[in-house]
Every structure is written in C-alpha cells, then in structure tokens.
Amino acid sequence: MSDPIFQIHEKQKRSVITGMKHEVIMELKHITKYFPGVVALDDMSFTVRKGTVHGLIGENGAGKSTLIKVFTGVNQPDKGEIYIDGKQVHLSNPMASKAAGVGCVYQELNIIQELNVTDNLFLNYYMKKGPLCDYKAMHKRASEIMEELGQPVDPHTECSKLGLGVQQTIEIGKSILSDARLIIMDEPTSSLSESEVEQLFKTIEMLKEKGIAIVFVSHKLEEIFECCDDITVMRDGKWISTSPVEEMTKDLLISHMVGRSLENLFPKEIAPKGEEMLRVEHLNSVGVLNDISFSAYAGQVLGFSGLVGAGRTETMRAIFGADPRDGGEVYIQDKKVRICCPADAIHNKMAFLTEDRKGEGLILEASVLNNLHLATIDRDRKGLLLDQSKHRRIGEENIATYKIKTPTLDTPVGSLSGGNQQKVVIGKWVNTDADIYIFDEPTRGIDVGAKIEVYHVMNDLVRKGKCVLMVSSELPEILGMSDRVIVMRHGTIMAEIDRDTEHFNQEDIMKAAWGGTLS
Amino acid sequence: MTEQKTAPKLKDAISKLGPLLALALICIGLGIATKGNFFSSTNVFNLLRQVPIVALMSVGMLCVILLGGIDLSAGSLLAISTGVTAVLMKKFFTADTVFNAVILIVICLVVGTVAGMLNGLLLTKLHLPHPFIATLGTKNMYRGITLVIMGSASIAGFPKGTLVIGTAEPFGIPLSFILTMVVFVLMHVFLSNSPIGRKIYSFGGNAEAARLAGINTDRVQVICYSLSGFFCALAGVVYIGRLNSAVPLASQEGDLDAIASCIIGGASFLGGKGNVWGTLIGAFMITVIRNGCNLMGVSSDLQLIVIGAIIIVAVFVDVVRSRMEANAKRLAVAKASAAA
C-alpha cells in the first residue's frame, strides 16, 4: 500500500505537471483527527517544498492549530500518513518530530524570561565539556546564531529585557540549533510592531536561502501575500485549495476561507452623533501616560490608533480603573465620576473588553452561561440566591443574538473557538447594559466571519446611542469602523482625525503614529 | 433531545459516585479485616461522632481552596478559638447557666471568624504574595498565643449547655453529625446558587477576569478566609463537647486533614473546581481510615503512611478517570463521523 517508491514517483509526476522547481520536504496525506465533540481534521493533505514559504490560512476553528500539532508530534492523527523526504514517519511525540527536522515557533513564545539568551537557545540541549556545561562555546554559538538571524544581541542578556521580536528570533534559533529543515510559524506577527515584522520577513528570506521550508500560519492576508510562495486554505478541518501566490487573489482567498464571498469587510453604518458621553481630562501616569485629554460622543465609534506600546491599552485601563493612575479626571455625561477600581467603572455604566481574551476576559473552565453573567452576578436574584431561570433565558438570547456556536449553555467556554469566545465576552458586557464600551483589539486572533459579526455589534451599539472606544492595531479596521480617530505615540495624543476630513487615511495616521505632524 | 440530556447526567452521577464507591470498598475491606467489628453499631456511631470535626474544617477549607488558596492555619484556628473561649470562661462565665453556655459558643465562633478574617486581610491588604505565607505565619502565631494564654495546660469545666453540640444524641444520632449535614446542605446551596458562591468559583477560575468584571475580589477572599475561621471554630465547639475541655495542642494535624479531604474529594489545587459532597466523602475517607487503623491496632505512625498514600492514590485515580473520559468522548466522535 504505502510503497515509498510509488510515493516518490507520484510526487515527481506532480512536480513536472505543476512546474515546481523545489523538491518536496514534507507531505501529510489524508490526515484525520478526532477530538471530543468534533472532527478537527478531516482527510487533510498538505505538501511543503524545500526552501519555500507555505502560507496556511483558515478561519479560527478551521483546524490549523491541530494540523500544527500533528506536525510537531503533540497530536497523533487517527488516520493518514506523514512523509518526510519521501519516507513514511511516525511523529509519536515532540521529540520524534524534532529529530525528524521539524521546528516550531508558537504564537505564545516559550521563552523563560528569567534566563539569558544562551540558556534559552540551548535549553535542554546544552553543549558540554565533561560533565559540565560549556558556556564559553555556547555563548559564542549563541551570538553567531543571533547575528546570522539579523538580531545581534549580547547572549548574556536576560530575555525579559528583550523585545518580542528578539525573543521570537531566539525561538527560530532554537529550531536552527536542532537542525530543523521545516519551521512552522504560528501567527508570528500577531504581537510584533511593524519594524519587527519587517525584520522577521528578512529573517525568513535568509532561512529560505538556506533551503529551510517554512509553514507560515497567519490571519493577516497582506502578510500572507507578502511573504508566501504557496497558499493552502483550510475550512472545517478540510483541505480547500492550494495554489502558488501569483494565482491567488485576496477576494478568492477570503471566499475560500469563509465558503462565500464577502462584499464588504467593514459594514460601517454612520449613526447620528449625540451628546458628549465621556470626557477625560489630563490623565497622567508617570512614565506611561502624558496628559491625555479627549471626549467621546454617543452614537460614535472613537478609534485609537498607534504603534505597539503607544499607551492606548494603558489609557483604557486607567480610565476603567484596572490600573492605578497618577492624576486626571473622568467625566461621564458632564458629571465628574470617581473611578478607582473596575467595579466603580461598571457602576458608572462602562464596559471593557480587554485585549487578552483568555487571561483577562474569560474563565475558561467555567460554562458559557457563567461567563455571560460574570459582570452581572449581583443583578438577577431571587431573594438571596441567583435567579437561575432568568440567567438561562438571557443566556439563550445571547447565543441567538451573537450567533455563538456552542453545544449547550453549560459547555466550558475554553472549548469554543476564538471567535465564539470573543462573542461570549461581548455578550457579558452588553448584558451589563453599559453606555460606554471600550473594545481593546476586539478582533485580534478571530476569523473573518466572526470579525464581521463583532462589527455588527458595534454598529448596533452606536445606533442605540451608545459610545464605543475601539483600540486597534489594524489600520484597515480603524479606517473601516471609526467615526473619529485618536492617534497616540509614547503615551501622548498626537492627532485627532474626523472621518470626513482629508487626513482620514492610512498614510497620515501612520505619519502621526511615527511622530510626524499633519499639515 | 431528552436522551441527550439524560445521558450526560447519568455519566455525571457515575463519576460523582466513583469516590463514594471507593469509600464503600474501603469500609467493606475494613469490615473484613476487623472481622465485622468495623460495622458494629458502637463503631458506626463512633464514626458519626468522629466525622464532624474533620468535615466542618474541610468545608471551610473548600471555600479557600476554590479560590486557589490554602489555609494552613486551620488547626491553629480551632485551637485559638477554643483556647480564648476557655480562658474567658474561667474568668467570667463559670456559672452553669444557659446564658453563659450560649455566650461562650458565640465567643468561640466570633474569635474563629475574626482570626480567619485576619488571614484574608493579611493577604489582601498587605499584598502578601501567596496565602501559603500569610497562613503559615498565623498558624504559628495562633498556636503560640493559645499556648501562652492557656499556660500550656488544658482547661475544663464548661457549662453543660456549651457541651451540648458535641455530646447530645437525639434519636441516638450525634447532634454534631446532624449539624454537619445541615451545614453541608447550606454550603452546597451557598456555593452553587448564591452570588458570592459564583464569585468564589469565578475568582478561582481567573482572578483577573473576575476583577475586571467588577467583582470585589478582595472582599471575596476575605469572606472565604473568614468562613474557614468560622467553620474551624464550629469544629472547635464540637471538640470542646467531645473532650469536655479545651486543649492548647488540639487539632495539630487538622489543617492537613482538611486539605486532604478537599483534594480527595476532587477539588483542584488551582482553584475554581470542587464541591461540598466530594469534600464530605473525603472527610469520611480520612475518618474511616483512622478509625479502622485504630480498630486493628495499627500504630499512629503507620496511619500517617496509609493516609499519605490514600491522598496520592485518590488524586491519581481522578487524573486517570478524566483522561479516560476525554478519550471516550474522542472515540464517540470518531464513531459518529464514521457512521455519517
């Protein structure tokens, strides 16, 4: 059945047909994987060629993460075969995968912050001199590798002092050290700044030249087109399409991903501008925020743009009382309010959807129902106890309104896909019936379909005369959904741009974010 | 539809009955080993008298463990609340009146609650990094204070009314056991169905998400540590009744027994997971093993080894069971998709 010679013939045949110059390094065939409640991978096939970047794209829950885990030996497929260099292999655990030449840079970096660069690079694979670690040799090799990858750093530096871009390079370096010939990068740009992304692309080019193949998993279509040679689209655990990047268009890609074509990624509706809802005056936080003052109006989405670390999230956390501040007043409907903890903010009808969904927004092992009522535990009571039937009724309504895909209300929220988890967080806050909604990176890491549903929620809110503050690092989103944009840099407001002015464009916002002035 | 709903419920029941089954097996084993002595009515009633102290301390400990915390001072809390009560009794309330009896019980409960609250305040106001530290400190302090004020000697001579909870046996059933059952039912409702109960589970599941959802997390923590203190003091009232005196070195192993009961009963050390009925079974398990060992004349040194092993085995069984459940679910999907 699985005669390796036959496999090679088949591959060569296909290479000739499609004109592929590069030989195949790894091939997954008819992979099927079952998880409790779902078929995560359904007859999925995937081929990676040497020295190329292969983009893997699909909505959340499409099975990308599971496929990565098959590559890395974390999950074993229930059906299907894996070939490396034409030979069938069994990646029964992460060690076997590593030995077979597969490396992986996860979205959440596995860097031990307290250790230095060398210790992280050589973790568990120390170079030895007799029974002891040969630090002299390791430091030398570490600085060579970091230099080669375009991030020259002192290998003695503690990793907590390094930026995320450098830390990610250390992860890549780990793969190089284990002689990886295939490196998987899972959402590698999600927490990088623009310049760090550029550096990453340079590093990727260099890896390609060395003949290393890369599987590039990303949500950002622009990046996929910028750096990939081939693109494979997945949907519902199934293979949908594979084609060279030249033959793919953005529209085609999106329609493959969602299974239908999307007319408009940003269904923005303009609502009438209402009264001033929120006014922030002279907000200060030493070393973080510098005299932040702005107003937000009912019926409007106020966007906050800027580079990573510009102080947007910090501003929101300070307003909401999540972090202490060193000065500044907050007025709601022209009345001064005292907010020193999140409970005060919620009492004043504010809601805060945080950027870190799993760490700050949800209780993963608790049920969908309990998460939906997390911010309203005290409200619906029957005497001293909770009004369970009312809770369930509201929960059912939430599921219908936000199209949350969950088997039951009692399912742990951690088992849902990212987009559905985000809808639960949104439901939690809308249930508080707040007037001012802070959405911090509301569509980070969720699929296109769920993104559009989040935008519809924002439209609904402003139509009802609510006020929305949206922090986003994606410029198209800022331009697509905001009525007004505040651009921040180094904890200071650089510019305020209305939707109907000439500066409301990508170039001018970037210019302000980099410290330029708008004429 | 109905089938789908009942099937998980049945499974739930079975998985909940698992620990109960283990308890039954241990009882039967001890019954055989002691040639039936274990099941003699005298011994069964002995058990019902022995369970309440461990069980009451465990239910307080459960509140703290659900937070992801720990209360190492539980045994000392029992000692200090009974100790202070005994000293005040000697000074002011020696007369055998109902009023004195009631006031002493109230004093005991108040002292325990306040001492427990202090644990919570140390944690939340001084921002000590982990409850392990705060309660390790107070564990020693409370025990020391107890020894000092009692002059390192036990104190007897309580009014009869104070002893009632630990001694009365209406219809032949120990009052302390009835009280324990009532407490467990109330705590079940409190934890699963009251706003504070929900907040406790939420805090244990993700403290930061709970805080940002407007939950006053400091208050929730202080409440839980106070509850632990309260239930240790209630156990103390039973203790006074059973011994007819307060002992400064009482319940030295109490905190570890209470923690063990919660863990055996399936509570997660990381917080957010656990329930009162599991804890009750855990408390029974520890009491039954102690009792059985005593019947068989096993030395207290060996008992330590047995209890330690039981804790490890119980948690291991739980780990294996949840792995098997996950696997079974996975195979069910494979079957369903193959059929489709």
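Any chance you could count how many residues in segment A:98-145 are hydrophobic (A, V, I, L, M, F, W, C) and in a helix (DSSP H, G or I)? Quick ask: steps written out before the conclusion?
So in segment A:98-145, the residues hydrophobic (A, V, I, L, M, F, W, C) come out as A:99-100, A:102, A:104-105, A:109, A:111-112, A:115, A:117, A:121-123, A:127, A:132-133, A:137-138, A:142, A:145.
Within this subset, residues satisfying the condition of being in a helix (DSSP H, G or I) are A:99, A:117, A:121, A:137-138, A:142, A:145.
So the answer is 7.
Just the residues that are surrounded by fewer than 22 Cβ atoms within 10 Å (Cβ to Cβ), farther than 18 Å from B:Leu163 by Cα and in contact with a Leu (Cβ under 8 Å, 6 or more places away or on another chain), please, taken from segment B:217-248.
B:Val222
When A:Glu314 is evaluated against the numbered criteria (1) more than 22 Å from the chain's Cα centre (by Cα); (2) at pLDDT below 95; (3) away from chain B (no Cβ under 14 Å), which criterion, by number, is the only one it fails?
(1)
Can you go through B:Leu128, B:Leu62 and tell me which one is of a type outside the set (D, E, K, R) and either closer than 16 Å to B:Val222 by Cβ or at pLDDT below 95 (or both)? Steps first, answer last, please.
On the way: B:Leu62 fails: either closer than 16 Å to B:Val222 by Cβ or at pLDDT below 95 (or both).
So the residue among B:Leu128, B:Leu62 that is of a type outside the set (D, E, K, R) and either closer than 16 Å to B:Val222 by Cβ or at pLDDT below 95 (or both) is B:Leu128.
I need the full set of residues from segment A:386-419 which are in contact (Cβ under 8 Å) with a residue 60 or more places away in the chain and in a helix (DSSP H, G or I), in order please.
Across segment A:386-419, the qualifying residues are A:Ser415, A:Gly418, A:Gly419.
Sort out which residues of segment A:326-354 are in a strand (DSSP E or B) and either closer than 21 Å to A:His391 by Cα or in contact with a strand residue (DSSP E or B) (Cβ under 7 Å, 6 or more places away or on another chain) (or both), and write them in order of number.
Taking segment A:326-354 as the starting set, the residues that turn out to be in a strand (DSSP E or B) are A:327-332, A:335-337, A:350-353.
Across segment A:326-354, the qualifying residues are A:Gly327, A:Gly328, A:Glu329, A:Val330, A:Tyr331, A:Ile332, A:Lys336, A:Val337, A:Met350, A:Ala351, A:Phe352, A:Leu353.
Let's see how each residue does on (1) closer than 20 Å to A:Ile212 by Cβ; (2) of a type in the set (Lys, Arg); (3) loosely packed, with under 14 Cβ neighbours inside 10 Å:
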position: A:Asp119; (1), (2), (3): no, no, no
position: A:Phe122; (1), (2), (3): yes, no, no
position: A:Tyr125; (1), (2), (3): yes, no, yes
position: A:Lys129; (1), (2), (3): no, yes, yes
position: A:Ser143; (1), (2), (3): no, no, no
position: A:Met146; (1), (2), (3): yes, no, no
position: A:Gln151; (1), (2), (3): yes, no, no
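What single numbered condition from (1) out of contact with any Asp or Glu (no Cβ under 8 Å at 6 or more places or on another chain); (2) modelled with pLDDT of 90 or more; (3) of a type in the set (A, V, I, L, M, F, W, C); (4) surrounded by 20 or more Cβ atoms within 10 Å (Cβ to Cβ) fails to hold for A:Leu369?
For A:Leu369, the exception is condition (1).
Within segment A:355-372, track down each residue that is more than 8 Å from chain B (Cβ to nearest Cβ) and either in a loop (DSSP other than H, G, I, E, B) or without any contact (Cβ under 8 Å) to a residue 40 or more places away in the chain (or both).
Going through segment A:355-372, the residues more than 8 Å from chain B (Cβ to nearest Cβ) turn out to be A:355-358, A:367-369, A:371-372.
Matches in segment A:355-372: A:Glu355, A:Asp356.
Among the residues of segment A:468-477, is any of a type in the set (D, E, K, R), within 16 Å of the chain's Cα centre (by Cα) and closer than 29 Å to A:Pro342 by Cα? Even if it seems obvious, please write down each step before you answer.
The first filter runs over segment A:468-477 and keeps only residues of a type in the set (D, E, K, R), leaving A:474, A:477.
Keeping just the survivors that are within 16 Å of the chain's Cα centre (by Cα) gives A:474, A:477.
Adding the requirement that they be closer than 29 Å to A:Pro342 by Cα leaves A:474, A:477.
Within segment A:468-477, one or more residues are of a type in the set (D, E, K, R), within 16 Å of the chain's Cα centre (by Cα) and closer than 29 Å to A:Pro342 by Cα.
Being part of a loop (DSSP other than H, G, I, E, B) and not basic (Lys, Arg): is that true of A:Gly465 here? Step through it out loud before you land on a result.
Values: part of a loop (DSSP other than H, G, I, E, B): yes; not basic (Lys, Arg): yes.
Spelling it out, A:Gly465 is indeed part of a loop (DSSP other than H, G, I, E, B) and not basic (Lys, Arg).
Taking the conditions exactly as written (surrounded by fewer than 16 Cβ atoms within 10 Å (Cβ to Cβ), facing chain B (nearest Cβ under 9 Å) and within 30 Å of A:Phe504 (Cβ to Cβ)), does A:Asp334 satisfy them or not?
Working: surrounded by fewer than 16 Cβ atoms within 10 Å (Cβ to Cβ): yes; facing chain B (nearest Cβ under 9 Å): no; within 30 Å of A:Phe504 (Cβ to Cβ): yes.
No: the conditions fail for A:Asp334.
Could you pull out the residue among A:Phe266, A:Phe294, A:Phe320 that is among the aromatic types (Phe, Trp, Tyr) and buried (at least 20 other Cβ atoms within 10 Å of the Cβ)?
On the way: A:Phe266 fails: buried (at least 20 other Cβ atoms within 10 Å of the Cβ); A:Phe294 fails: buried (at least 20 other Cβ atoms within 10 Å of the Cβ).
Matching residue, one of A:Phe266, A:Phe294, A:Phe320: A:Phe320.
Restricting the search to segment A:63-81, which residues are within 14 Å of another protein chain (Cβ to nearest Cβ), surrounded by fewer than 19 Cβ atoms within 10 Å (Cβ to Cβ) and under 12 Å from A:His30 (Cα atoms)?
Residues satisfying the conditions are A:Asp78, A:Lys79, A:Gly80.
All but one of (1) at pLDDT 90 or above; (2) in a loop (DSSP other than H, G, I, E, B); (3) under 20 Å from A:Pro407 (Cα atoms) hold for A:Pro77; state the number of the condition that does not hold.
So the condition that A:Pro77 fails would be (3).
Any chance segment A:378-394 includes a residue that's more than 9 Å from chain B (Cβ to nearest Cβ) and of a type in the set (A, V, I, L, M, F, W, C)?
Within segment A:378-394, one or more residues are more than 9 Å from chain B (Cβ to nearest Cβ) and of a type in the set (A, V, I, L, M, F, W, C).
Just for helices (runs of 4 or more DSSP H) wholly inside segment A:146-242: which have at least 2 residues that are in contact (Cβ under 8 Å) with a residue 40 or more places away in the chain and more than 25 Å from A:Leu123 (Cα to Cα)? It would help to see each step written out before you state the result.
On the way: elements: A:164-177, A:194-209, A:221-227.
Fully inside segment A:146-242 and qualifying: A:194-209, A:221-227.
If I filter segment A:373-385 down to residues being touching a Leu at 6+ places or on another chain (Cβ under 9 Å) and touching a residue at least 24 places away in the same chain (Cβ under 8 Å), which single residue comes out as farthest from A:Pro412 (Cα to Cα)?
Filtering segment A:373-385 for residues that are touching a Leu at 6+ places or on another chain (Cβ under 9 Å) and touching a residue at least 24 places away in the same chain (Cβ under 8 Å), the one farthest from A:Pro412 (Cα to Cα) comes out as A:Ala375.
Can you spot a residue in segment B:291-299 that is on the phi > 0 side of the Ramachandran plot, surrounded by fewer than 22 Cβ atoms within 10 Å (Cβ to Cβ) and more than 14 Å from chain A (Cβ to nearest Cβ)? Let's see the steps before the verdict.
First pass over segment B:291-299, keeping only residues on the phi > 0 side of the Ramachandran plot: B:297.
Now narrow it down to the ones that are surrounded by fewer than 22 Cβ atoms within 10 Å (Cβ to Cβ): B:297.
Then keep just the ones that are more than 14 Å from chain A (Cβ to nearest Cβ); that gives B:297.
Yes, that holds for at least one residue.
Quick one: would you say A:Val258 is farther than 30 Å from A:Ala100 by Cα and more than 21 Å from the chain's Cα centre (by Cα)?
Numbers: farther than 30 Å from A:Ala100 by Cα: yes; more than 21 Å from the chain's Cα centre (by Cα): no.
In short, no.
Suppose we filter A:Ile446, A:Ile404, A:Ile436, A:Ile478 for residues that are of a type outside the set (D, E, K, R), modelled with pLDDT of 95 or more and buried (at least 18 other Cβ atoms within 10 Å of the Cβ); which single one remains? Give the derivation first.
Numbers: A:Ile446 fails: modelled with pLDDT of 95 or more; A:Ile404 fails: modelled with pLDDT of 95 or more; A:Ile478 fails: modelled with pLDDT of 95 or more.
It is A:Ile436.
With the condition kept exactly as written, say whether any residue in segment B:207-223 is within 14 Å of another protein chain (Cβ to nearest Cβ), in contact with a Lys or Arg (Cβ under 8 Å, 6 or more places away or on another chain) and more than 16 Å from B:Leu67 (Cα to Cα).
Within segment B:207-223, one or more residues are within 14 Å of another protein chain (Cβ to nearest Cβ), in contact with a Lys or Arg (Cβ under 8 Å, 6 or more places away or on another chain) and more than 16 Å from B:Leu67 (Cα to Cα).
Please list, ordered by residue number, the helices (runs of 4 or more DSSP H) wholly in segment B:212-313 having 1 or more residues that are closer than 29 Å to B:Ile103 by Cβ.
Because the criterion is at least 1 residues that are closer than 29 Å to B:Ile103 by Cβ, the helices (runs of 4 or more DSSP H) in segment B:212-313 that meet it are B:217-243, B:254-264.
Report, by residue number, each residue of segment A:421-462 that is of a type in the set (D, E, K, R) and in a helix (DSSP H, G or I). Before the answer, list the steps.
Within segment A:421-462, the first condition is being of a type in the set (D, E, K, R), and the residues that meet it are A:423, A:428, A:433, A:435, A:440-441, A:444, A:447, A:451, A:453, A:460.
Within segment A:421-462, A:Lys423, A:Lys428, A:Lys451, A:Glu453, A:Asp460 qualify.
Which of (1) at the interface with chain B (Cβ under 7 Å from one of its Cβ atoms); (2) in contact (Cβ under 8 Å) with a residue 40 or more places away in the chain; (3) touching a Ser or Thr at 6+ places or on another chain (Cβ under 8 Å); (4) more than 20 Å from A:Asp410 (Cα to Cα) does A:Phe352 not meet, given it meets every other one?
(3)
Going by what's in this entry, would B:Ile196 be described as of a type in the set (A, V, I, L, M), at pLDDT 95 or above and under 22 Å from the mean Cα position of the chain (by Cα)?
no
Check segment B:146-160 and report whether any residue there is within 14 Å of chain A (Cβ to nearest Cβ), small (Gly, Ala, Ser) and in a loop (DSSP other than H, G, I, E, B). Can you show your working first?
Let us first name the residues in segment B:146-160 that are within 14 Å of chain A (Cβ to nearest Cβ), namely none.
No, segment B:146-160 contains no residue that is within 14 Å of chain A (Cβ to nearest Cβ), small (Gly, Ala, Ser) and in a loop (DSSP other than H, G, I, E, B).
Residues are listed down the side, and each one gets a yes or a no for (1) part of a strand (DSSP E or B); (2) of a type in the set (Val, Ile, Thr); (3) closer than 24 Å to A:Gly480 by Cα:
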site	(1), (2), (3)
A:Ile270	no, yes, yes
A:Lys273	no, no, yes
A:Met277	yes, no, yes
A:His282	yes, no, no
A:Ile292	yes, yes, no
A:Gly299	no, no, yes
A:Val308	no, yes, yes
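The values are calculated or read from the model by the stated rules, or taken from the named source; none is laboratory data. This one's a predicted model, so the numbers in the text were calculated from it and none came from an experiment. Here the Cβ is made from the backbone with ideal geometry for all residues, glycine too, and neighbour counts use every protein chain on show.
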